[in-house]
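Only the coordinates and a few stated rules stand behind these numbers; no lab work does. As the structure is a prediction and not an experimental result, all values here were calculated from the model. Reconstructed Cβ throughout: ideal geometry from the backbone, glycine too, with neighbour counts over all protein chains shown.
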Amino acid sequence: MSDPISRALVVLVLPLAAAVLAALFSRGVLRKAANWPLVAACAAAAGLAVGLVARVAEAPKHQFVSDAVTWFAAGQFSANFTVNVDPLSAMMLAMVTFIATWIALFSSGYMHGDRGYGRFFAVMSLFVFSMCGLVLANNFLLLVAFWEGVGLCSYLLVGYYFEKPSAAAAARKAFLVTRLGDVGLILGIFMLWRLTGFATTDLVSTDPARPGVFALITKSVAADPARMTELTIALLCLFCGAVGKSAQFPLYVWLPDAMEGPTPVSALIHAATMVTAGVYLLARCAPLFAICSDAQVVVAWIGGITALLAAFIALAQTDLKRVLAYSTVSQLGFMFLALGTAGAISPAFAVTAAMFHLFTHAFFKALLFLSAGSVMHAMGGVIDVRQFGGLRKLMPVTHVTFLCGAAALAGVPLLSGFWSKDLVLESLAAAGESDRPYTGAYFVLLLVAFATAFLTAFYTFRAYFLTFWGAERVPEEAGHHAHESPLIMTVPLMVLAVGAVFVGAAVEPFNHLFSHFLEKSPTLAQASAAAGAKDVPHAFNWTIAGLSTLFALAGVGLAFALYRRGGPEKVPAALEPAFALSRNKLYVEDAYEAAVVKPATALAFLAKAFDGLIDGLARLVSAVPRFVGQWARPIQNGLVQFYALSMVLGLAVFLTFVVFRVTR
Amino acid sequence: MITLWHYLAVAAALFGIGLVGFLTRRNLIVMFLCAEMMLQAVGINLVAFARYHGNLHGQVFVMFIVAVAACEAGVALALFLMLYRRGKSLDSADWAAIREVGVPPASDADPLPTEPVTAEPQLAPAGVRPVQPANEEAARV
């Protein structure tokens, strides 16, 4: 296992084994122990993955590609099963398995006594497996396979409480909306292959004689600039897939509904890992995006629009988990903002900013979701902030951990979220001053990002104050649950809280460990070489940091002024129109309802009527044999003698006929 | 001189007796015996014709028929035993439940007389020491 590839493969296989074990446990005497395979597999995988990061960092080439094993081949075309270990994938692998370990531990307590305990952990393990596979895939086909794998697990877990119609509908919505983006993803992949002349399916290769997809396309576009249009369209199609998976405008509507799933699922899949798959896809394809500024500005605009829109909708939501879901959408928008600047500025810097925000976001958003889950656990399943409040004394640990997460999300100085948001803003500011096209757009997007930062701080602390401050109110549903959660749930909270507070400061601002590690990725070096954009120095930008601190503190201050007395919420008259707009989710869902859902329902109704017609015809045809059967059925009366007699009579008639025919 | 005609007459008589028995009796074992009689009547025919033609073809057939009939008897008697255990009866009319769904049962104008059921002797399961009745003295050998 000294070889990084085999180490990565072990990390990949461990959760799969856990999935099989948990599924086997789910119906036997070990039903109650179905959580342990996942916890153990994730812990072991996390240990291995962290070791892998160290190994990749000190290796001379920083990139390892496994030997190609043919997955399937058709004619000239062959798809290989290859994995690629470079700083980018090693970092993601370590992050995913580490977060998953603590979430698995938390869910051991959270899901305790649930009927589908084994099912839950089996699907969670399968999810971790698919996510690791997605991160490691060195091949678009393999990537799509795991991409759909995480989508399937998301569907199964959102619809975990499938007896609830709302959960079943949310699962369906999540699946269908992401599928819409996946159509684009597949088309984009085909177009990219066409650009390579279907020479290979491997993304990168360590063998100079057989270059990967990225190198081939970069060369082909450099040789013939007319191909840039085709590349732009292909990349925008690819981005469609990322928009669907990472819940960006206009396909973000599934993520808030996906909160119908159990809270650990929201923490792992819909905050920390799966929804970042789109960001990861774009980061992996940075060599292509970096040379295509038209596609990049679209990415940045979509990210900016989503960030602002989702932050605005989060303002007035009363469901604690939905506030967090919209904030996830908004933060993912931030990551796309940073990714969109790659090319205008050095791709290495832009991608590092996005990945760093992804990294810290995974910690504090998983923490926030788990804290919300802890609140939900104590409140007997109620998550509406109008029904509880003042839980500060009741749940001291959850209160502190939620505060840590909220402060990190709001971008309070020196916490993780502050550092990563700062990098995103810096990359936007640098892109606004670059010598490349669309500088104006990037400058506008910088302002959008500042506005979003203010809104983020405000809605996060609104949710915090409404939940934990003011007079203590506990809903009736809570019953005897209304107390702090058990240790198995609070320990993961504490660990993640430490991460949310310190991990940002520990790895980036002072020693640049994170960015130096990621910049070693050969694909990022390739992207930087192809883009030729000027490098951004790793210097602390006091103006940006000061402004972002100002906006964050203003948001927190406004929330404090309005909500320090806790609920019930009293919205000032001046803000009421904005809040009403936010409460109605900017009427986006209503527009979709009218434009897509209603026509589809009408079409389905028509199809059902036509189907009824066809069914009627089929029934008519089947009525004829039934009628004949009705007449002949009494012969089968179950008496052996009767059967024998009819046989004898039949034989007699037959013989008579034969004998008289022959003698005549 | 016994001619072919004699053989065929015996076989026809045997077949007729079997047929009538099969149609009129309701005891499963007797019905089975009657069916066997019809089968063996066919066997006699085959042997007779084999002799008439002076070859062994028919005899070979009869060998097969006898072998198959033996197997059949084994299977059929085992089935009857199981049926008897279920219903404590060998009346073929008792198994009219296999009729088509929705068809009314045939009314039985002449039910068979019922006999008191005596308990079958039970053996102890293998590996278990049989329980010695307290009042019975153990046999000395």
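Data table
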read-out	value
Test: residue in the stretch A:549-556 that is outside any helix (DSSP H, G or I) and among the β-branched types (V, I, T)	no
Answer from A:E519, A:E569 - the residue that is among the acidic types (D, E), under 30 Å from A:N138 (Cα atoms) and either touching a strand residue (DSSP E or B) at 6+ places or on another chain (Cβ under 7 Å) or surrounded by 13 or more Cβ atoms within 10 Å (Cβ to Cβ) (or both)	A:E519
Residue, nearest to the other protein chains (Cβ to nearest Cβ), within the stretch B:9-28, restricted to residues that are in contact (Cβ under 8 Å) with a residue 40 or more places away in the chain and either in a loop (DSSP other than H, G, I, E, B) or out of contact with any helix residue (DSSP H, G or I) (no Cβ under 6 Å at 6 or more places or on another chain) (or both)	B:R26
All helices (runs of 4 or more DSSP H) inside the stretch A:427-546 with 3 or more residues being out of contact with any Asp or Glu (no Cβ under 9 Å at 6 or more places or on another chain) and in contact (Cβ under 8 Å) with a residue 40 or more places away in the chain	A:439-468, A:487-507, A:522-531
Exclusive hit being in a helix (DSSP H, G or I), touching a Lys or Arg at 6+ places or on another chain (Cβ under 8 Å) and surrounded by 14 or more Cβ atoms within 10 Å (Cβ to Cβ), set A:T200, A:T178, A:T218	A:T178
Filter pass, A:P60 being under 26 Å from A:T352 (Cβ atoms) and either free of Cβ contacts under 8 Å to residues at least 24 places away in the same chain or in contact with a Gly (Cβ under 8 Å, 6 or more places away or on another chain) (or both)	yes
Condition broken by A:V382, with the remaining ones in (1) within 25 Å of A:A290 (Cβ to Cβ); (2) surrounded by fewer than 24 Cβ atoms within 10 Å (Cβ to Cβ) satisfied	(1)
Residue count, the stretch A:395-426 (criterion: under 19 Å from A:Q331 (Cβ atoms) and part of a helix (DSSP H, G or I))	21
Test result for B:R85, away from chain A (no Cβ under 14 Å), closer than 28 Å to B:E115 by Cβ and of a type outside the set (A, V, I, L, M, F, W, C)	yes
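Results for (1) under 14 Å from the mean Cα position of the chain (by Cα); (2) within 14 Å of chain A (Cβ to nearest Cβ); (3) part of a helix (DSSP H, G or I); (4) among the β-branched types (V, I, T), shown as yes or no for each residue.
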{"site": "B:V42", "(1), (2), (3), (4)": "no, yes, yes, yes"}
{"site": "B:L46", "(1), (2), (3), (4)": "no, no, yes, no"}
{"site": "B:R51", "(1), (2), (3), (4)": "no, no, yes, no"}
{"site": "B:C71", "(1), (2), (3), (4)": "yes, no, yes, no"}
